[in-house]
Amino acid sequence: MTLASVKRQMKTERDVSDTSVDKWRVFRDVGDARTRLGLQDRALRVLNALLSFFPVAELSNERNLVVFPSNAQLSARANGIARTTLRKCLSALVEAGVIIRKDSPNRKRYARKGDESDIEDAYGFSLAPLLARASEFAALAQRARAEQRRFRIMKDRLTIVRRDVAKLITVGMEEKLAGDWAAAEACFVEIVGRFARRPTLQDIATSLDEMTLLHEEVSRMLETQEEMIKKTSNAIAYGCHIQ
């Protein structure tokens, strides 16, 4: 456990309020913000399994927020995830400040019940951060969703510009129009060759800028060709008029 996670745990314990929150809504927010939290899909599967052991839908400090399933139970509810992977995912959730470990003296997970069968104390994983940081997770998720929308929009624009540039270069080369179409094609191939397999928003923005500049250059080459054709046509018409 790092110093940052210790400080975050102490802050979480202070910030748990009297409000309640739907555990599955917070889970969706954490899922949408998983990249910003440094979590992978497998960690979300484990978090989903942990939440399934909490008996009600509402997280509230009026209830004990500690769940205490065994690794075998967790693995079964996480679609049979391997034990080593399970431990890594639990560590990732703790490090991200999504859950808190609450270890017993013998490091086993269990609960002590009172005379009325109510849980007096439990050792396992506390879901308190999901309650204390619910608004923070919601804000992170909102920003992540907005960024994803920008990503899709810019990716669509890149696809359209790339297709248009390819068409224009093909026309220029097949029609043998004036201009350095071979250089334009080489530039096009170079830009496409730099496309990342899993591009970030910045990667898409950079590729879009480069492809847009090439589109402008190719368009100018075609406009120059059209101007030459117009001038030639005007000259012929003027000569016919003199005759």
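Using per-residue counts of other Cβ atoms within 10 Å, averaged over each peptide, order 150-158, 204-212 from highest down.
Top of the packing list down: 204-212, 150-158.
On full extension of the chain, what length is gained from residue 213 through residue 183, given 0.36 nm per residue of separation minus the C-alpha to C-alpha distance?
Length difference between fully extended and current span is 9.4 nm.
How do 110, 123 stack up against each other in accessible area, from largest to smallest, with a 1.4 angstrom probe?
From most accessible down to least: 110, 123.
What part of the accessible area of region 146-186, given as a whole %, is carbon or sulfur when the probe is 1.4 angstrom?
So the carbon and sulfur contribution to the accessible surface is 53 percent.
For region 58-136, what is the charge dipole size about the Cα centre, in debye to the nearest 20, if Lys and Arg each add +1 at the Cβ and Asp and Glu each add -1 at the Cβ?
Here the size comes out at about 600 debye.
Which value, in Å² and to the nearest 10, is the accessible area of residue 88 when all protein chains are kept and the probe is 1.4 Å?
Approximately 150 Å² of residue 88 is accessible to the 1.4 Å probe.
Would you kindly state how much longer the chain becomes between residue 88 and residue 166 on full extension, computed as 0.36 nm times their sequence separation minus their alpha carbon distance, in nm to one decimal?
Fully extending the segment from residue 88 to residue 166 adds 23.4 nm.
Please give the length that would be gained between residue 145 and residue 111 if that part of the chain were fully extended, namely 0.36 nm times their separation in residues minus their C-alpha to C-alpha distance (nm, one decimal).
Using 0.36 nm per residue and subtracting the Cα-Cα distance, I get 8.4 nm.
Would you mind working out the accessible area per residue for region 143-214, using a 1.4 Å probe, and quoting it in Å²?
For region 143-214, the per-residue accessible area is 69 Å².
The values are calculated or read from the model by the stated rules, or taken from the named source; none is laboratory data. A quick note: this is a predicted structure, and the numbers were derived from the prediction, not measured. Using ideal geometry, Cβ is built from the backbone for each residue, glycine included, and neighbour counts are taken over all protein chains shown. Side chains are part of the model used for accessible areas, which takes the heavy atoms of the whole protein and leaves out ligands, DNA and RNA. Shrake-Rupley method; radii C 1.70, N 1.55, O 1.52, S 1.80 Å.
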